[in-house]
Amino acid sequence: QVQLVESGGGLVQTGGSLRLSCVASGRSVYAMGWFRQAPGEVREFVAAIAYSGGGTYYADSVKGRFTISRDNAKNTVYLLMNSLKPEDTAVYYCAADATNNVVAGIADMYDYWGQGTQVTVSS
């Protein structure tokens, strides 16, 4: 089993920045990702990163504004969010793939999920 705990969410004004963290414990994981879900919307892919950190993949809506990174020594993946917009408001979820190291934007590829952290961007 793997436990994922997110932190770093909060309220920020348009144009501001936040850094989310997700700490993984339990068995080893490979690719990790971030997804988000706004009220009344389906969960959508945000960013993903390979175990080595060398491979990353972003949704078009966040490309150039968000940066995903990881520190395997700390079993932690980060999401640095800059130039935040009201449409970025959502619950952000960390996900981990304990089977493959495929950087993917498909939720079904991930085996474990965190509980989520709320990000609210005010206009």
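The values are calculated or read from the model by the stated rules, or taken from the named source; none is laboratory data. Bear in mind that the values here come from a model prediction, so they are computed numbers and not experimental data. Quick reminder, even Gly has a Cβ in these numbers, built from the backbone with ideal geometry, and neighbours come from all protein chains shown. Heavy atoms of the whole protein, side chains included, go into the accessibility calculation; ligands, DNA and RNA do not. Shrake-Rupley method; radii C 1.70, N 1.55, O 1.52, S 1.80 Å.
Some observations on this one:
- Solvent-accessible area per residue for the chain (1.4 angstrom probe, square angstrom): 50
- Amide H contacts of Tyr112 (H built 1.01 Å from N, under 5 Å, at least 5 apart or other chain): Ala96, Ala98
- Solvent-accessible surface ranking, highest first, for Val29, Val103 at 1.4 angstrom: Val103, Val29
- Heavy-atom accessible area ranking, 1.4 Å probe, most first, across Val5, Val119: Val5, Val119
- Integer Hz, Karplus 6.51/-1.76/1.60 couplings in order for the stretch 108-121, x for Gly and Pro: 5, 6, 9, 8, 10, 9, x, 7, x, 9, 7, 10, 10, 10
- Three-way shape call for the chain based on the alpha-carbon gyration tensor, with the a/c threshold at 1.5: prolate
- Look at where the Cα atoms of the stretch 73-115 and of the stretch 1-23 average out, and the two centres are 10 Å apart.
- In the assembled protein chains, Ser61 presents an accessible area of approximately 60 Å² (probe radius 1.4 Å).
- Put Tyr57, Tyr110 in order of accessible area, highest first, and with a 1.4 Å probe you get Tyr57, Tyr110.
- Ligands, DNA and RNA aside, Phe66 has an accessible area near 10 Å² when probed at 1.4 Å.
- The chain, relative contact order in percent, only Cα pairs under 8 angstrom and at least six apart counted: 37
- A probe of 1.4 angstrom, applied to the heavy atoms of all protein chains, finds Glu44 with accessible area near 80 square angstrom.
- Modelled spin-label separation between Gln3 and Ser122, with each label point placed 7 Å from Cα along the Cα-to-Cβ direction: 3.4 nm.
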